Amino acid sequence: MISNGTGLSGYITIFWQFSWPEWVVFSLVINVFLYLFSIGLYIFIDKTCRKKPLQETDHSITTSDLFLSLFTVVCNSLVLLTGAFLWKNKWIEIGESMSVGVIFLEVVALLLFMDLFMYFFHYAAHLPWVYKMLHGKHHEHVSTNFLSLFVLHPFETIGFGLMMLVVLMGYDFSVISISVYLMINLIWGTIGHLNREFFPASFDKLLVGTTRFHNQHHLDETKNFGFYTSIWDRLFGTYR
């Protein structure tokens, strides 16, 4: 792991040799970049998509939402630092496979496992006392805006991150698979909080967690707890 290498192993070695101050800077920079990327993607799709808005108006941008979204970036950075700590202490092992087939299967596995875990996590967040303390702020966004994805209680952000780390502790996923999954997660979350349906209507029948699917959850908080798919909602009777 710490020997000089070429290709993928060489890049992993660079991160292995990071000092903790370097990890702090890296985690903040990468999460700020992803935050700005999500906002830019939202605005781009919103300006170029010709489909009718799902709701009449977007949720207004508030100062409190802006600060909370920035704190979410900090929380995501802390999760990344926790992952780095677990990796450097051998609790998480990172694979180096570059096989397209392996990467595809690992990404699909991550999507399905995390979708299942997030379903239960999200369902639990709607228990009355949990909702009041944690998740209610997110649902002030009955309609959405480009910050909605990041308007989360810190415990929610960290909870999602810890779920991800637990999954990574259970199997040596390729670093490429992890990176692809995280990018899909960000893009899916951004699309899910648009005020316009991004996917074709037929995608609902393909069990995809479409924009409309998540928008319905913001309108009816007892339905559609899944994220990437509607599989678990259909299975457990919470689909709408």
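Output yes when any residue across region 188-209 is among the acidic types (Asp, Glu), assigned to a helix (DSSP H, G or I) and within 26 Å of Cys75 (Cβ to Cβ), and no when none is. Checking region 188-209: not a single residue is among the acidic types (Asp, Glu), assigned to a helix (DSSP H, G or I) and within 26 Å of Cys75 (Cβ to Cβ). Condition check for Val142 on (1) surrounded by fewer than 20 Cβ atoms within 10 Å (Cβ to Cβ); (2) assigned to a helix (DSSP H, G or I): one failure, at (2). From the list Glu197, Glu156, the one residue that fits, being buried (at least 18 other Cβ atoms within 10 Å of the Cβ) and either modelled with pLDDT under 90 or small (Gly, Ala, Ser) (or both), is Glu197. Only a single criterion out of (1) at pLDDT below 90; (2) surrounded by 16 or more Cβ atoms within 10 Å (Cβ to Cβ) is not satisfied by Glu56, namely (2). For region 1-24, the criterion of being closer than 27 Å to Lys137 by Cβ, surrounded by 13 or more Cβ atoms within 10 Å (Cβ to Cβ) and in contact with a helix residue (DSSP H, G or I) (Cβ under 6 Å, 6 or more places away or on another chain) is met by none of the residues. Region 1-100 holds helices (runs of 4 or more DSSP H) entirely within its bounds, and those carrying 3 or more residues that are under 29 Å from Phe199 (Cβ atoms) map to 20-48, 63-88.
The values are calculated or read from the model by the stated rules, or taken from the named source; none is laboratory data. Just so we're clear, the structure is a prediction, and the values are computed from it rather than from any experiment. In this analysis, Cβ positions are derived from the backbone assuming ideal geometry, glycine residues included, and neighbour counts consider all displayed protein chains.
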